[in-house]
1. With each label point set 7 Å from Cα along the Cα-Cβ vector, what nm distance links residue A:346 and residue B:372?
2. Based on DSSP, what percent of beta bridges with both residues in chain B are antiparallel, to the nearest 5?
3. Let a ≥ b ≥ c be the square roots of the eigenvalues of the Cα gyration tensor of region B:176-307; is it rounded (a/c under 1.5), or, if not, prolate (a/b larger than b/c) or oblate?
4. Which whole number gives the average, over all residues in C:259-269, of C-beta atoms from other chains lying within 10 Å of the residue C-beta?
5. Run the quick spin-label model on residue C:129 and residue A:115: label points 7 Å from Cα toward the beta carbon, then report their separation in nm to one decimal.
6. Rounded to the nearest 10 Å², what accessible area does residue B:286 have for a 1.4 Å probe in the complete protein model?
7. Ranked from the most accessible area to the least, with a 1.4 Å probe and all protein chains present, what is the order of A:153, C:57?
8. Around residue B:42, which amide H atoms from residues at least 5 apart in sequence, or from another chain, sit under 5 Å from its own amide H, with H modelled in the peptide plane?
Amino acid sequence: MTTATQDPAPPAVPADAPAARRRRGGGLGSYLLVRALLIIPTVFILVTAVFFLMRTTGDPITASLGGRLPADQLAERIREAGYDRPLLVQYLDYLGGLLRGDFGTTSTDRRPVTEVLTTYGAATLELAVYGLLVAFVIGIPLGMVAAKVRDRYPDAILRVFAILCYATPVFFAGLLLKLVFSVWLDWLPVAGRISTRGQIQLNRNGAGTGIFLIDAISTGDGDLVVEVLRYAVLPSIALGLLTAGVFLRLVRTNMIGTLGAGYVEAARSRGVSESRLVRKHAYRPALIPIITVIGLQVALVLSGAVLTETTFEWRGLGFQLGQYLQARDFVAVQGIVALLAVIVALTNFVVDVVAALIDPRVRY
Amino acid sequence: MQRRSTRRVLAASAATLTALSVAACGSSDDNGGGGSGDGDSLLIGTSDKVTTIDPAGSYDNGSFAVMNQVYPFLMNTPLGSPDVEPDIAESAEFTSPTEYTVVLKDGLTFANGNELTASDVVFTFERMVAINDPNGPASLLYNMDSVEATDDTTVVFTLKTADDQIFPQILSSPAGPIVDEDVFSADALTSDDDIVAGNAFAGPYVITDYELNTLVSYTANPDYQGLLGAPKTENVDVTYYADASNLKLDIEQGNIDVAFRSLSATDIDDLRGNDDVEVVDGPGGEIRYIVFNFDTQPFGATTAEADPAKALAVRQAVADLIDRQEIADQVYRGTYTPLYSYVPDGLTGAATPLQDMYGDGEGGPDADAAAQALQAAGVQTPVQLSLQYSNDHYGPSSGDEYALIKDQLEATGLFEVDLQTTEWTQYSEDRTADVYPAYQLGWFPDYSDADNYLTPFFLQENFLGNHYDNQQVNDLILQQASTPDADERTELIEQIQDLVAQDLSTVPYLQGAQVAVVRTGVEGVSDTLDASFKFRYGALSAG
Amino acid sequence: MATAAPTPVRRRTWRSLPVVHQLRQSVGLQRGMLVAGLTITGVFVLTAVFAPLLAPYGYGQLRDADGTFGAQQSPSAEHWLGTTVGGYDVLSRVLYGTRTALFVIVVAILLSIVAGVLLGLVSGYLGGWLDRVLVVVADAVYAFPSLLLAIVAAIVISGGQSSLVGGVLAAAISITVVFIPQYFRVVRAETVRIKSEAFVESARVVGTSTWRIMTRHVLRNATRSLPLIVTLNASEAILTLAGLGFLGFGIQPTAAAEWGFDLNRSISDVTSGIWWTSIFPGSAIVLTVLGLTLVGESLNDLADPRLRARRRAADAPPPADVAVTPGGGLAAGTEGVLP
């Protein structure tokens, strides 16, 4: 690396952006292809890292039976389960399974990881969608309002509200929401996705999608649909508020940007009313970046989901990940992390595509 | 114009929020379908965790709790007693020193219609040993040499050591649930879904709906002819919680009828003052104790200043100084009680040697006694003691528990405690590798016999691995295990406790109570909160 | 070259220091928000420094001359904010908690700045495949949920020991991993831009060390956007530390005072009507993050000519193409996407 100063002098990066695009040359198609292909090594790196990191943290047998069995019996069981084999052998074994599409079987509750992923993935998806809906409903209108009244008191209040939204840890917000709406007012259930009886009803209705709202609708029982929604309210708000703060800020920033843009000024000088300006001229362009940001919020939503799901016992990937981590269930943790990595990488990719389609200047 | 547009935006968000809160209040009065009042069904909440309901594949309280409802045992404990009796057996006895013969009742069937015969019993035990799952309880069958069916209803167990008084208890332990040979696989674990689909149950209840760690729905099994009798409640649903505070809120609000295991001490304390619910306490089998590593503790065998007398004095001083009542009150709000011996209260053979030998003689701490013990052995004070605890295995209160113990030891100036914690898997490896001089452990019994509190701990090759070795104790433990006379055996058990209390291989200090919380009107909980430590849903009724 | 730690050369007065400059530049409400943020942050730092003087008891103290405090005692003259379920003084633990938080912030920021700046310089300067790989890796890591990394890091780094150093490092390092890409992004973009500037070319012709020129100019320009990232980095560090504590991977009470841990332990208090054990540590987290974020957002607004309250001709090109949203979200380049 000390050769840095002996610059082999490749064609220096030209000063202006268009030229840069020409140099990177490959065109949109090959750029996207490279981005798509890069998902594979990205996921591979994360899975590998998690594989080896998890192995340094103990094994599931000790985690469950360390307080019950003598050391020699424990060692015997660990040997039987194959956790004493060289790490590399275990790793190649795991990779071999992955290539065959076999994600393994969880070591604590012995379920195929693919089953774990689909069951709990559906729950997380459902919560994420609700959360994003709440974020939209709160964040976007308030952001527009804030932009219109910029630098006046309502703006300051809205902005502090936005900051409070993401300054409050999800679990603290969850605790307060539970206290108010479940304990004091007794309006909403404390935790879970559905009541026990409702769950039984869903189970008897046959294999569902795992997305309870859809499953409940398919039973045709209106009460069940309402119940599923009632259980979803608090977790959705807790998760949604987190993202709503980000949306509010982004919408405000972008609205202010577009309201000051040349063509809006031109329209204004033509005598177009201010509210029409907001609606017709500034609103849509301001939303484009928001749409791309939604994709990028996936990481935030997933992070938030771990805590939200844990607080509200929403049995999704985040909740299960916490449980499996405690139990040192390597296989399950690897599977979940791999899936999350794929989701994040894919959404990033989609966001890149959208961004590139909207604005050809965007390139790495 | 501008204002109107703003208003419209606000109105839109208000409308959505209203929609959410309409959904919120829509059916607030029925509380999501739970609650009491239905005489024929109960909703139970628990924070237990199930590994699998295949008996060969799990060795934990949560899974065993399910098995106790749906599988029959050869031997079982009747309600209210820790001692075992034949369950689906007609008789069970030693027919020779190494032969234990069990005769099944006639006409037993599984809920799926399959006959339950001696062949199923043999299958059950051979399968468990053959699979020998890393997470399974096969190791409890350490004394079983072979098992054989001599006819359709007779099973003969051949044992390795003669007159094993523990074996009947083992048959009631997690190694004992009888399974259907037509549904279960002989050489691999059977999945929960297959078990439920095969309806391979012959216990008091059968499972009708099952969602791992989310819900189990039980219906009474009309074909059950065992010791426990017909369940009082036809339908029982169990719902699983990961967070005990959610469990507490649901029992408080009447969304569930019974909450069993494990509410926090704060929650229980709070619920005691609530008229809508009743907090029921029963004896608990769980104990907490400090283990001393005889090699690495202060003045231990491999330390620079090895001196058995001084090492003993250090242990005695700890036993003198711990204020068990204070820990039980401050940290556990009475959900744990002071423990002064190795065999906890409620079991046959329980005693209180540590109360008589240490502290003020009435259970309280005594700083003078501790100082005297140390001085007599010539130990320089303050003694540097490194104490370890697990912050993630024995509940979130362990941190408070050990902070208080550190505080109690240091308050007299006799000790300087270096308190550390390590996450559980590392902890489990370290403790048997002589890394910790003194450390926290807890124990929950496999079966309700005093032996289960002695053999695993104080035999020469024990699970503590703390290098404690007392030949006399060793011999007495082996002797009591094969003493058929109950009184004679109890005497031996008390004698063992006295001896260990003098040596202080461990210092026991707390015994956990079983605490169930029920909505007012639910009856029968106190019947099943006994020293068998098995919670039977069949004993409960909605009143 | 990794050892050639660049020292930024500043020939500017204190008035042009990052935060001071923006403070002078701001007006009206924007200034109000910045000042509020700076005040809260200042109080936070001062509390951390003087915690032993301010706190009536130690963070791990269970008894005084009169015996043990008792658990869950409601606020009183002896314990202004009551005691926790473990029998600790709430006020003392909230005050000492600032120390742990500050500790994590400092370690996290130092680590990410050093690593991020170095990688950014190298990547931007060398270009080629290394650059591309680093950009992709940075994207991947940045997008990954930080808390998940933190949990795994917590178990691995501390080796299971829930000590002060282990817990702090776990939170700090996992935050570092997630924040390196942000510094990396800024520095790299700046490097790529400056690398092609005429004066660098001419310097190269003359034979001056390009590397020195680069680091100097890159860092000077990057200081405009770095304060924003630093504040976001800091708030994220606090939230992650609290999240770890809440999930039970935190620091034990006898090792240090940590708000997330106290919140975790207070869950059952909340449902039993014991409010003082959760409200105060919870509010401490919210306030601290609020203060830091107010500073960060104000700096961001002031750096962006479109958002600045009173328009002024920008005396410098707008900062490198970054826009960072707090809470771990990323809005890279989105503001540049505008038509």
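The values are calculated or read from the model by the stated rules, or taken from the named source; none is laboratory data. This is a predicted model, so every value here is computed, not measured. All Cβ positions, glycine included, derive from the backbone under ideal geometry; neighbour counts span all protein chains shown. Side chains included, ligands, DNA and RNA excluded: accessible areas come from the protein's heavy atoms. Shrake-Rupley method; radii C 1.70, N 1.55, O 1.52, S 1.80 Å.
1. 7.5
2. So the antiparallel bridges in chain B amount to around 75 percent.
3. oblate
4. Taking the mean over all residues of the peptide, I get 5.
5. Those two pseudo-labels are separated by 4.4 nm.
6. About 50 Å², ignoring ligands and nucleic acids.
7. Numbers: A:153 160, C:57 35 Å².
Solvent-accessible surface, decreasing: A:153, C:57.
8. B:235, B:236, B:237
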